[in-house]
Amino acid sequence: MPVNSFILYNGEYHFCDDFGLSYKNRPFCYGDGLFETMHANGTEIQFFDDHLTRLQYGMDILKMKIPSKIESGQIEKEIIKLLHKNKLYQGVRIRLSVFRNEGGKYTPTDNSVSYLVETEYIKNAHYELNKKGIVIDIFNDIKKPINPFANIKSSNSLLFVMAGIYAKEKNLGDCILLNGKSNIIEGISSNIFLIKGDAISTPPLKDGPVAGVMRKQILKIADSHSLNVKFETSLNETDLLNADEIFFTNSISGIRWVLAYKNKRYFNHIARQFIDKLNFLAFK
């Protein structure tokens, strides 16, 4: 298995074991940052432009100054060089973190940022559908607020951490998060899709899910698949129980199909068709 020896920090490569950040780092102190998690096959990063667009959108929301290498896309070449340095030529998880530079308390000294890229070997060089469907439940303890931060991938992820702990305690494959109106919005690290007959539904962005890069690809596939695409209608538990299929999507695993919610059991016909079309989009 490849060893990840290097990280990328502000355009420079450092040995992982020799690198450290200050205890005054703003993500550590205030959660003042964003991140993108990307999949790569060899040195090809899947849907990189979509990830970069979402990152820049989030930085605008947080009033961060966008470094020229991120604004121009030059950072892609730096990441590919990092993959070469770490000898990662198969499946790779890439995490690109952007955070406001230290200085100030709640009010920052300025809005300049730093960026950090980590890479990690993963088994799936392509997207593979899970052979065994997952069991899910709804996480009711904490509701996600609907605000301008809801659609971005913030470093402040305590809601998702607590949902993950709940899923682990209940031995679940994932769980569903709700917004303040008790609408279904997403999974712990994924967007959610429901199939009913010839219709496919996913929570609208106005309800507060993360604006997933994979969500965008699935909507493209669904539109070309002659399905009735519904992505502006809020969803609730009744929709879950009436669905024929449920699956989760994210940039690393692609699609994961759901076997069960409570006593309801689901199929995976559309999920199996979509995984092939997704691989065609990602690796053509």
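For the structure I just gave you, tell me whether ASP239 is more than 18 Å from the chain's Cα centre (by Cα), surrounded by 16 or more Cβ atoms within 10 Å (Cβ to Cβ) and either part of a helix (DSSP H, G or I) or among the basic types (Lys, Arg) (or both). Criteria met by ASP239. Evaluate the stretch 253-265: report whether one residue or more is free of Cβ contacts under 8 Å to residues at least 40 places away in the same chain, more than 23 Å from LEU172 (Cβ to Cβ) and not aromatic (Phe, Trp, Tyr). Looking for residues that are free of Cβ contacts under 8 Å to residues at least 40 places away in the same chain, more than 23 Å from LEU172 (Cβ to Cβ) and not aromatic (Phe, Trp, Tyr), one finds none in the stretch 253-265, hence no.
Would you point out the residue of the stretch 218-234, among those that are touching a residue at least 60 places away in the same chain (Cβ under 8 Å) and out of contact with any Ser or Thr (no Cβ under 8 Å at 6 or more places or on another chain), that is surrounded by the fewest Cβ atoms within 10 Å (Cβ to Cβ)? The selected residue is LYS220.
Among the strands (runs of 3 or more DSSP E) confined to the stretch 111-214, the ones with at least 2 residues that are in contact (Cβ under 8 Å) with a residue 24 or more places away in the chain, touching a Ser or Thr at 6+ places or on another chain (Cβ under 8 Å) and surrounded by 16 or more Cβ atoms within 10 Å (Cβ to Cβ) are located at 113-121, 191-196. Taken together, the residues in the stretch 130-156 that are within 17 Å of the chain's Cα centre (by Cα) and either among the β-branched types (Val, Ile, Thr) or closer than 18 Å to ILE192 by Cα (or both) amount to 5. Screening GLU36 on (1) more than 15 Å from the chain's Cα centre (by Cα); (2) of a type in the set (D, E, K, R); (3) under 23 Å from ASP110 (Cα atoms) shows it passes everything except condition (1).
The residues of the stretch 39-71 that are within 15 Å of the chain's Cα centre (by Cα) and of a type in the set (D, E, K, R), listed by number, are ASP49, ASP50, ARG54.
Rule-based calculations on the coordinates, nothing more; no lab input. From a predicted model like this one, the values you see are computed outputs, not experimental measurements. Neighbour counts run over all protein chains shown; Cβ positions are idealised from the backbone, glycine included.
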